[in-house]
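Worksheet: the structure to be examined is printed underneath.
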Amino acid sequence: MTAPRVAIVGSGLTGLLAAQGLQKNGIRVVVYEKDPSLDFRQRDWTIMLHWGMSTLGKILPQEVRDIFPQAFCDPFYKEEYPPSLPCLGNMTGKPAFHIPSTWMRLISRQRFRRVLSHGLRIECKKKLQALKHSSDGDGPVTMVFEDGSRHEADIIVGADGPRSAVRTHLLGEEKSAVVNSPWVIAMTIFSYGDAEKARFVRQLHPVWHMVYGPEGIGALAVTDAGKSNDPKEWQFYFVRIWEQDLEHSINGEEALKIFKEKSTRLCEPFRSAAEWIPEGSLCNVDQLKYWVPEPWDNRGGRVTLAGDAAHSIMPFRGQGFNRSMEDTLQLVEAIVKIRDGADRAEAMASYDRDVCARGRDAVLASLEEGKTNMNYERLGTSKTATRGFAKEVRL
Ligand SMILES: Cc1cc2nc3c(=O)[nH]c(=O)nc-3n(C[C@H](O)[C@H](O)[C@H](O)COP(=O)(O)OP(=O)(O)OC[C@H]3O[C@@H](n4cnc5c(N)ncnc54)[C@H](O)[C@@H]3O)c2cc1C
């Protein structure tokens, strides 16, 4: 059998992970990324790997598994995390609930991208504009990029994030459009350059702190313990979510001012953590968006979606990438079956059906979770409070 040539659009975590899994199975794969390099954007965030982590071992080749710890937010912290992660109520400053946390690992998205890029062929400055293919379900697909270049492959995987161009090709502008949630997400990354402040802010848990209340949600983490684990060098990531309709996204100084104003009524250490953020630190305030998957016509098994392109899950229970990892394993298995002679249309349709159904459940669940998380009276009934980050299983 001739192995299909696979093109992955997007070098986020999903695209890179899928490429690693395919390459490990001897399948020719090229990743196309619109940015000039993987480090082009300064924006980073932390991702909690939990129930999806077991699939990583199945997808990654040994040489990438070996360098996986380079993605950890704090590679100096080698033990299991303490058994529970306290989630404070901002009215009291006391734990509102605990999440079991021993089996988790907090990674930096950017550093994990660097790890996952190991040994892959990645073509940067390739912004996909259009896909061309025959209408009979046969023959290769041609990708047309913004720079005018064209490349061909047998299977195209759209891993190009929440505003996926591949999704627009499959479903049209209207059906593929992201939806505004009622919430705003504000993220900042900074170092205090002051050991005392850094230790104070990191007092509750080695890497991860959460607060819930009428002022919205806050999560605070060490994203980078520096070269020598000197608290003066620790880099923190602080994300807040609150209810608001924004007219447009806000960056920089204005965003940081809003972030600080919105955090003055939080309990400690969150209040001081926000107040002490140095001026000039990276900060963005955006409307939180989602997309509920609906079935797409995969053009005879030649075009599909993965990760946030297939289901833009909001981050209330840290499910998005954990879900992507599971989907990615299934995608790799489907393409391996095609290489070994399975019918392409059938193998890919089976993948699409599962990803779409599970993704739909997960996106709708994230919407519900947002509502209970943001309503302090109902917080105790939320999935986060009652089930932590555990996987939701569809019967
Ligand atoms: C604040 C926050 C916290 C989160 N926390 C967690 C967590 O704790 N646990 C968890 O499981 N998940 C979490 N998530 C979700 C997780 O980050 C995403 O699910 C995951 O990163 C998905 O990555 P992706 O590769 O599918 O998409 P993306 O990261 O969006 O990558 C898409 C890539 O495609 C490229 N691209 C876009 N358009 C084109 C084009 N036309 N042509 C070529 N390239 C293109 C982009 O430049 C980008 O590199 C969180 C998300 C946020 C925002």
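Structural remarks
- Per-q log10 I(q)/I(0), the chain, q = 0.14, 0.15 Å⁻¹ (Debye; single scatterer per alpha-carbon; no solvent): -1.26, -1.41
- Only Lys, Arg (+1) and Asp, Glu (-1) charged, at Cβ; the chain dipole about Cα centre in debye: 540 debye
- Normalised by the number of residues in the chain, the average gap of Cα pairs under 8 Å and 6 or more apart makes the relative contact order 21 percent.
- Short-range pairs are left out: with C-alpha atoms under 8 Å and at least six residues apart, the relative contact order of region 181-289 is 40 percent.
- Accessible surface area normalised per residue over region 181-289 is 43 Å², counting heavy atoms of protein chains with a 1.4 Å rolling probe.
- Accessible area per residue for region 300-395, computed on protein heavy atoms with a 1.4 Å probe, is 39 Å².
- When each of the peptides 381-393, 219-231 is scored by the mean number of other C-beta atoms lying within 10 Å of its residues, the order from highest to lowest reads 219-231, 381-393.
- Expected 222 nm ellipticity per residue - DSSP helices of 4 or more, -39500 (n - 2.57), all of the chain, to 500: -9500 deg cm²/dmol
- Whole-Hz ³J(HN,Hα) from phi, Karplus 6.51 cos²θ - 1.76 cosθ + 1.60, for region 76-81, glycine and proline x: 6, 8, 9, 6, 4, 5
- Euclidean distance between Cα centres, region 288-323 to region 343-373, Å: 7 Å
- Taking the protein heavy atoms of the chain in the context of the full set of protein chains, the accessible area attributed to carbon and sulfur is 49 percent at 1.4 Å.
- In whole percents, the pair-distance distribution calculated for region 181-289 from its alpha-carbon pairs, binned every 5 Å from zero, is 2, 13, 25, 25, 19, 10, 5, 2, 0.
- Taking all protein chains as they are arranged and a probe of 1.4 Å, the heavy atoms of GLU233 leave approximately 80 Å² accessible to solvent.
The values are calculated or read from the model by the stated rules, or taken from the named source; none is laboratory data. This structure is a prediction, so every number in the text was calculated from the model and none was measured. Cβ sites come from the backbone with ideal geometry, for glycine too, and all protein chains shown count toward neighbours. What goes into the accessible areas is simple: the full protein's heavy atoms, side chains included, and nothing from ligands, DNA or RNA. Shrake-Rupley method; radii C 1.70, N 1.55, O 1.52, S 1.80 Å.
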